[in-house]
1. Can you list the strands (runs of 3 or more DSSP E) lying wholly within the range 1-100 that have 1 or more residues being in contact with a strand residue (DSSP E or B) (Cβ under 6 Å, 6 or more places away or on another chain), away from ligand 1 (no atom under 14 Å from the Cβ) and closer than 28 Å to SER137 by Cβ?
2. Looking only at the range 20-65, which residues are of a type in the set (A, V, I, L, M, F, W, C) and over 21 Å from ARG116 (Cβ atoms)?
3. Is it fair to say ILE45 is more than 16 Å from the chain's Cα centre (by Cα), within 22 Å of VAL6 (Cα to Cα), surrounded by 20 or more Cβ atoms within 10 Å (Cβ to Cβ) and modelled with pLDDT of 95 or more?
4. Determine, yes or no, whether CYS115 is more than 15 Å from ligand 1 (Cβ to nearest atom), crowded, with 19+ Cβ neighbours inside 10 Å, under 24 Å from PRO134 (Cβ atoms) and modelled with pLDDT of 95 or more.
5. Just the residues that are of a type in the set (A, V, I, L, M) and within 15 Å of ligand 1 (Cβ to nearest atom), please, taken from the range 119-152.
6. Applying the selection to the range 124-145, what residues are under 25 Å from ASN184 (Cβ atoms) and of a type in the set (Gly, Ala, Ser)?
7. Pick out the one residue from ALA149, ALA108 that is in a helix (DSSP H, G or I) and surrounded by 15 or more Cβ atoms within 10 Å (Cβ to Cβ).
8. Looking only at the range 118-135, which residues are crowded, with 18+ Cβ neighbours inside 10 Å and either part of a helix (DSSP H, G or I) or over 15 Å from the mean Cα position of the chain (by Cα) (or both)?
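The values are calculated or read from the model by the stated rules, or taken from the named source; none is laboratory data. Because the structure is predicted, anything quoted here is derived from the model rather than measured. Every residue, glycine as well, gets a Cβ built from its backbone with ideal geometry; the counts of neighbours run over all protein chains shown.
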Amino acid sequence: MAAKAVFLDRDGVINALVYHQEQGIIDSPFTAGQFRLLPGVGEAIRKLREAGYKVVLASNQPGIAKGNFSLEVFGEIRDRMKEALAAAGAFLDGEYYCFHHPEARVEALRVDCPCRKPRPGLLLRASQEMGIDPSRSWMVGDGLTDIKAGKGAGCRTILLGRMKCELCRLMDEEDAHPDAIASNLLTAAQLILNGGG
Ligand SMILES: [Mg+2]
Ligand SMILES: [Zn+2]
């Protein structure tokens, strides 16, 4: 039987988003020093893997394309993430990234690609390469783009965020209603383990 997986978005799920005050934006970390593992993430990933789920990162990382950081710095941030997870006893079974952006400053990355969420390409590629059955799997993310990508791939979905109905109109507009909302990854993992099958 094909494997079951929990696909995870990175920024806002594994690590905290960063407020870049000079640019006035909330975005991914631009340096390894800005990487902060969120509470409960190590435990959540450990529990999901113990229950037989592959845990697979599926992340848009357009920061290189936008000129926010270099490929080398991206590698440092990735190393920092893996160190922080390992220190919490947690490991990822796979990592899938989309580095493209339709308005990239870096020409080679200026692509209207099938892998940038909300499109499901990253999840579909991971499923094919890792022998995962999307219908037995979940996508957990903090954005409606994650929910759309998860649904598009045929997964169940959990949105991380606060229970505020500011989101309800957007969910309607985007036709991106998650199966559940949870406040953090550990709560999401418990939802999956308690009824996810
Ligand atoms: Mg995110
Ligand atoms: Zn892409």
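1. Values: elements: 4-8, 18-20, 25-27, 53-60, 94-98.
Qualifying strands (runs of 3 or more DSSP E): 4-8, 53-60, 94-98.
2. So the first thing to find is which residues in the range 20-65 are of a type in the set (A, V, I, L, M, F, W, C), and the list is 25-26, 30, 32, 35, 37-38, 41, 44-45, 48, 51, 55-58, 64-65.
Across the range 20-65, the qualifying residues are ALA32, PHE35, LEU37, LEU38, VAL41, ALA44, ILE45, LEU48, ALA51, VAL55.
3. In short, no.
4. Considered against the rule, which asks whether it is more than 15 Å from ligand 1 (Cβ to nearest atom), crowded, with 19+ Cβ neighbours inside 10 Å, under 24 Å from PRO134 (Cβ atoms) and modelled with pLDDT of 95 or more, CYS115 comes out as yes.
5. Scanning the range 119-152 gives LEU122, LEU123, MET139, VAL140, LEU144, ILE147, ALA149.
6. Once the filter is applied, which keeps residues that are under 25 Å from ASN184 (Cβ atoms) and of a type in the set (Gly, Ala, Ser), the range 124-145 yields ALA126, SER137, GLY141, GLY143.
7. Numbers: ALA108 fails: surrounded by 15 or more Cβ atoms within 10 Å (Cβ to Cβ).
Just one listed residue meets the conditions, ALA149.
8. The answer is GLY121, LEU122, LEU123, LEU124, ALA126, SER127, ILE132, PRO134.
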